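Below is one structure; the comments refer to it alone.
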Amino acid sequence: MTRRGQYAKGAAKREEILSVALDVVAEFGCRSASNREIARRVGLTQPGLMHYFGSREELYMAVLRARDARDIAEHWVDKPNFEGFLDVIEHNTRVPGLVQLYVEFSAEASIGKHPAHEYFVERYEWVRDLSVQSVRTAQESGEFGQNVDAELIADIIVAAADGLQQQWLLDRSIDMVARLRAVWNGVAALSHLGSVDGGPSDGGPSDGGPSGG
């Protein structure tokens, strides 16, 4: 077999492993039993599995990246707005193992040097960018006031989503979609009453002016 043929075969096997890993981690999480199950389903030993990904961290980072690509393609492409974001959150309730992996790795990546640190920095940036676009779309439709800081609102929504996922892992009765929608609706209402970032709202009192009471 030529070098190109060997590379193509290796790449195909890696994609097979990744596809299987998405399903296994979604069901079982990222513990050692998952590694054994992934290896079994693709006909490899656990050391053979690591031959294609190098380390546990590399395998699971690849799983997270594949999940992101799938979520965007299946939920955000057709609805690049807050409803698309909620679709992703709703889908997460059906893949608890992937939520567990995300929460565990995000915590590990925030402490010291972790292989997933760069992934989470990059992920936060593009999720935030998509969320900013959602807020600006809502401003254009009149759902949000014009004077609110779209980037600030995006930060609030992303932080709420991350926090709710962690709470949901502890208590599956929590309705993440309903709570996140409540956050969005609450901020939207406040954006018409007063600026969320503390500045003047549409038609509100100017800076420095006294307020009633």
Checked pairs for the range 170-187, first loosely packed, with under 12 Cβ neighbours inside 10 Å, second of a type outside the set (V, I, T), C-beta under 8 Å and 6 or more apart or across chains, list as R172/P96
Test E108 against the stated conditions and say whether it is surrounded by fewer than 16 Cβ atoms within 10 Å (Cβ to Cβ), closer than 19 Å to R67 by Cβ, touching a His at 6+ places or on another chain (Cβ under 8 Å) and modelled with pLDDT under 95. yes
Would you please name the residue that is nearest to E143 (Cα to Cα), looking only at residues in the range 82-119 that are outside any helix (DSSP H, G or I) and among the polar types (S, T, N, Q)? T93
Just one of the numbered conditions (1) within 25 Å of E118 (Cα to Cα); (2) assigned to a helix (DSSP H, G or I) is not true of C30; which one? (2)
Could you check, for the range 2-14, whether at least one of its residues is modelled with pLDDT under 95, basic (K, R), not assigned by TED's automatic domain parsing to the domain that holds E140 and not in a helix (DSSP H, G or I)? no
Considering every residue within the range 47-61, establish whether at least one is assigned to a loop (DSSP other than H, G, I, E, B) and aliphatic (A, V, I, L, M). no
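The values are calculated or read from the model by the stated rules, or taken from the named source; none is laboratory data. Just so you know, these numbers come straight off a predicted model, no measurement behind them. Cβ: placed from backbone, ideal geometry, glycine included. Neighbour counts: every protein chain shown.
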